[in-house]
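Single-structure report; data block below.
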Amino acid sequence: MTRNKKFALLALISLAFCAARISARAQDINTPVITIKSAPPASPKPLKTRFEVLHMFTNSIQVRSLVNGLEVHTFIYSDQIHDSMQKLFDQGGYQYGDKVEIWYMQGTEVALKIKGKPSKPL
């Protein structure tokens, strides 16, 4: 055998020996188990967005985004605000063009809170 072949063979054998030792050490069952505590998921916060009223119904409100005029939403009232919205509707409610802020959870169409000044009924 030539000298280069012996050196390459010796390097290959030592590399295989090291790899075997490392993998055997990684499988040692006497090492303590590492546990990772995960943080509890953060509860999603409601979004607060400004809208322009298109129409108010007894159970819902139809609004248009002030940022994108093509974005129209129909929000139903949550149980917490349903009675106050019914009272407001009986007094005349929001009219077309009134500006309101609506709090809602992302991905839902349920209004958690509605804030705005209703205009005089027609």
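Only the coordinates and a few stated rules stand behind these numbers; no lab work does. Here the structure is a predicted model, which is why all the values come from computation and not from measurement. Reconstructed Cβ throughout: ideal geometry from the backbone, glycine too, with neighbour counts over all protein chains shown.
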Seminar exercise, completed: Going residue by residue through the range 79-94, the Karplus relation 6.51 cos²θ - 1.76 cosθ + 1.60 with θ = phi - 60° gives ³J(HN,Hα) values, rounded to whole Hz and with x marking Gly or Pro, of 4, 5, 10, 4, 5, 5, 5, 5, 5, 5, 5, 5, 8, x, x, 7
For this session: Mind pulling the angle between the C-alpha long axis of helix 3-26 and the longest principal axis of the chain? Nearest 10 degrees, somewhere in 0 to 90.
Result: 50 degrees
Problem set entry | the chain: calculated mean residue ellipticity at 222 nm from DSSP helix runs of at least 4, using -39500 (n - 2.57) | -9000 deg cm²/dmol
Exercise. For the chain, modelled as a GNM with alpha-carbon contacts under 10 angstrom, which of Ile34, Ile13, Ile76 fluctuates the most?
Worked result: Ile13
For this session: Let me have the relative contact order for the range 47-116, percent, based on Cα pairs under 8 Å that are six or more residues apart.
Result: 37 percent
Exercise. Mind checking the log10 I(q)/I(0) for the chain at q = 0.10, 0.11, 0.14 Å⁻¹? Debye, one equal scatterer per Cα, no solvent, two decimals.
Worked result: -0.49, -0.53, -0.70
Seminar exercise, completed: the chain: relative contact order from alpha carbon pairs under 8 Å, six or more residues apart, as a whole percent, is 22 percent
Problem set entry | Cα-projected label distance for Ile76 with Val33, points at 7 Å along beta-carbon direction, nm | 4.5 nm
Problem set entry | Karplus-derived HN-Hα couplings along the range 59-64 (A = 6.51, B = -1.76, C = 1.60, θ = phi - 60°), whole Hz, x at Gly and Pro | 10, 7, 9, 9, 9, 10
Problem set entry | For the range 47-116, with +1 on Lys and Arg beta carbons and -1 on Asp and Glu, the positive-most of Met105, Gln80, Asn59 along the dipole | Met105
